[in-house]
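The values are calculated or read from the model by the stated rules, or taken from the named source; none is laboratory data. Worth saying up front: this structure is predicted, and the values here are computed from it rather than measured. Glycine gets a Cβ as well: all are built from the backbone with ideal geometry, and neighbour counts include every protein chain shown. Accessible surface is based on the protein model in full, side chains and every heavy atom, while ligands, DNA and RNA are left aside. Shrake-Rupley method; radii C 1.70, N 1.55, O 1.52, S 1.80 Å.
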Amino acid sequence: MKKFAVAGIAAMVVAAVGAPAQAVTYGTPTIGLSASYLSGAVGAVGDPVVNVTVGQSGADVSALTVSASASSKPSVAGTGDVTVTGAGAVRQLAVAARGRGYTNLTVKVTGLGGKTATKTLYYAASAAVQNPADARYLTGSSDASAAVDVGGGYAIVADDESNVLRLYDRSRSGAPVRTWDFSSQLGVTKEVDIEGATRIGDTIYWTGSLGNNKDGEYKAPRNTVFTTTVSGSGTGTQLAYGRSYKKLRDDLVAWDTANGNRYGFAAGTAAGQAPKQIDGFNVEGLEFAPGSTTTAYLGFRAPLAPAVPGGKALVVPVTNFDQVLASGAEAVFGTGIELDLGGLSVRDIHKNAANQYLILAGSWAADDNSDPYALYQWDGVPGHAPVKRADLPTTDPGGWEAIMDVPDLTAAGARVQLVTDSGSADLYGDGVEAKDLTHPEWKKARTAWFTLG
């Protein structure tokens, strides 16, 4: 009896204390990057970040650590220049660039049990720019060419190397929130060479350059103007295709020919004629006349003098622009408007609700990043002279190309946000133009804020 009692007591003790603990087995950690390619700038404020998603079977994700464990070129960015924030399954990784160029960063997650996993982040840094606190970078495209504000701090930006329209947060660097490509609706397979845009109500009007390509060849898609319909605003903005017209260049040439070839449009559009020369043919600005929803102004990058007497910039009114797009009516033109922009031509033109116009003026030349740029205020009235409000720096890569929107130009300290076309810029010091970069995430246009004097 005692033997069985002792055995029973032992069994009860084991039951009370419990079986010996089993060792926990942790799986291999997992790691994923929201983007494998990232672009930054030396001294930049608010550069894009990458989301790092981590996990490990059998482990609480908050116990996992994420860090940069290696850099192929620390002079561009080292492991100490990488910052990781957050504690859950998704962390945010930011890089502060030290120098211009490329580096491969090894991103590592360390899990429980000492197990690790890695991913490579391919990082590119462009040079520092003037006033970096006022600069932001729109990634995914380098050839920004026109912009339209859609409210809520967002804008739609066009690219003259493709037909993709991109929605960006104007206050942050990074990729577009949404994109649209209406090539199929337009019936084109090549770029329209979008250069100008403006908005009336819920309709955005877009125009191609209407000129030859850089080799002097006629390309039909460039002779396109079209509309899109906007719904929503901010992050909720949506676009729908409207209508197009593909004879505006022909109408302009016929009009100028009938009026004594004052502007040389027939010669400027002839085979073999490059568009970006002093007597070329290239449209880059589009805006409506004061108080009008029918008459639109076409702003020309070329021609300039000697085709336009006195070296003045050219604006041509299209008095039935709404009907040109709505019904395909042949364009009707008003008298050409010649503006003294100090020998510069129109690169963009926008107005605000008070009919205050801002003209972004630059050179007619093709490779003009080192040439002067300026901002002029105008009231939109033919015969009234524009007034210079600011000279723009030319030492930064890329040419100033588009105005986001026009502030109240009578307000003290009024500031305007401009966008560069950086397609021909060597952003990373390797001799490769931005538009030819292999990875879209490394392509970028820059925005900057300027105070008007």
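Numbers for the structure displayed
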read-out: Accessible surface, per residue, of region 321-453 when the full set of protein chains is kept, probe 1.4 Å, Å²; value: 38 Å²
read-out: Kirkwood Rh in Å, taken over all unlike Cα pairs in the chain; value: 24.4 Å
read-out: Cα-based helix-to-principal-axis angle, 2-17 vs the chain, degrees rounded to 10; value: 20 degrees
read-out: Kirkwood Rh, Cα atoms: Rg over Rh of region 332-444; value: 1.03
read-out: Compactness of region 232-288, expressed as Rg and Dmax over alpha-carbon positions, Å; value: 16.4, 49
read-out: nm² value of the averaged projected area, convex hull over the Cα atoms of region 197-323; value: 8.6 nm²
read-out: The chain: relative contact order as a whole-number percent, Cα under 8 Å and 6+ apart; value: 12 percent
read-out: Cα-based equivalent ellipsoid of region 60-170: semi-axis lengths in Å, sorted from largest, via gyration tensor; value: 33, 19, 13
read-out: Per residue solvent-accessible surface (Å²) - region 195-305, probe of 1.4 Å; value: 35 Å²
read-out: Peptide ranges 58-67, 443-452, 138-147 listed from the most packed, as the mean C-beta count within 10 angstrom indicates; value: 138-147, 443-452, 58-67
read-out: Distance violations [Cα-Cα > 29 Å] among Lys73/Lys190; Lys190/Lys312; Lys73/Lys444; Lys247/Lys351; Lys247/Lys444; Lys115/Lys444; value: Lys73/Lys190; Lys190/Lys312; Lys247/Lys444; Lys115/Lys444
read-out: Net +/- balance of residues flanking Ile200 in space, Cβ distance below 12 Å, scoring K and R +1, D and E -1; value: -1
read-out: Filtered chymotrypsin sites (Phe, Trp or Tyr not before Pro), region 169-220: DSSP coil and at most 16 other beta carbons within 10 Å; value: Tyr218
read-out: Of all accessible heavy-atom area on the chain, the percent that carbon and sulfur account for (1.4 Å); value: 53 percent
read-out: Acute angle (nearest 10 degrees) that the helix 248-258 long axis makes with the longest principal axis of the chain, alpha-carbon atoms; value: 20 degrees
read-out: Ser244, Ser57, reordered so the largest accessible area comes first (probe 1.4 Å); value: Ser57, Ser244
